[in-house]
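Following: one structure in structure tokens, then a few remarks.
The values are calculated or read from the model by the stated rules, or taken from the named source; none is laboratory data. All figures in this text were calculated on a predicted structure; none of them were measured in a lab. Please note: Cβ atoms are built from the backbone with ideal geometry, for glycine as well, and neighbour counts cover all protein chains shown.
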Amino acid sequence: MLLRKRAWDMMREDFPSIREDDTLAEAIRALRTAMKESPENHTVVVLKKNGAFRGVVTIWNVLKAVQTTVLKDDALKNAEESDWDQTFARACAVCTQTALDAHLETEVAMLKPGDTLLTVLDKFLAKKRGYAVVEEGDRVIGIVYAGDLFREIARDMVQAF
């Protein structure tokens, strides 16, 4: 049964996406909304103006942005307790208005809808990521998370013993 599984059997057709000219703030909003519906949904797809794939922004990219632009802000380090919240808010505003290019992952596992489960597994392991993007032609049609892949594999493995 496992060998019959394809990427389209596991992919999620409902995934968050934004345009490449959006800011990090838009990526954060899209991630928050998606994670309310599904906590595993930790990736937002970034599309070019023509709708083609540009890259992804993950929660890890957001956390890295917070670390490098907010928490290492000199004004924040030197702020007195009384104005720390205001300084933090200002640093966050600067961070979220940055362009996506600095936070974008472009070297991601790309799948075709008909890729077999073994191909999907190989691509996950090769890229060492918890997601893969499913593309048909120039259009992103879905995303597969490691949890989706695990559920497919585990279902058949449990039935085998």
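Conditions tested, residue by residue: (1) farther than 18 Å from ASN41 by Cα; (2) among the aliphatic types (A, V, I, L, M); (3) in contact with a Leu (Cβ under 8 Å, 6 or more places away or on another chain).
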residue: VAL94; (1), (2), (3): yes, yes, no
residue: GLN97; (1), (2), (3): yes, no, yes
residue: LYS112; (1), (2), (3): yes, no, no
residue: LEU118; (1), (2), (3): yes, yes, yes
residue: PHE124; (1), (2), (3): no, no, yes
residue: LYS128; (1), (2), (3): no, no, no
residue: VAL134; (1), (2), (3): no, yes, yes
residue: ILE143; (1), (2), (3): no, yes, no
residue: GLU152; (1), (2), (3): no, no, yes
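Scanning segment 15-35 for residues that are outside any helix (DSSP H, G or I) and either β-branched (Val, Ile, Thr) or free of Cβ contacts under 8 Å to residues at least 12 places away in the same chain (or both) yields a total of 2.
Where helices (runs of 4 or more DSSP H) sit wholly within segment 68-161, those with at least 1 residues that are of a type in the set (Val, Ile, Thr), at pLDDT below 95 and under 19 Å from VAL57 (Cα atoms) occupy 84-96.
Against the conditions (1) within 13 Å of the chain's Cα centre (by Cα); (2) more than 19 Å from LEU111 (Cβ to Cβ); (3) modelled with pLDDT under 95, GLU40 satisfies every one except (2). Among the residues of segment 128-143, the ones that are closer than 13 Å to GLU107 by Cβ and crowded, with 17+ Cβ neighbours inside 10 Å come to 4 in all.
Look at segment 20-46 and say how many of its residues are in contact with a Gly (Cβ under 9 Å, 6 or more places away or on another chain) and either more than 24 Å from PHE150 (Cβ to Cβ) or loosely packed, with under 14 Cβ neighbours inside 10 Å (or both). Give the derivation first.
In the first step, residues of segment 20-46 are kept if they are in contact with a Gly (Cβ under 9 Å, 6 or more places away or on another chain); the result is 20, 40, 42-43, 45-46.
The next check asks that each one be either more than 24 Å from PHE150 (Cβ to Cβ) or loosely packed, with under 14 Cβ neighbours inside 10 Å (or both); those that pass are 20, 46.
Of the residues in that region, 2 qualify.
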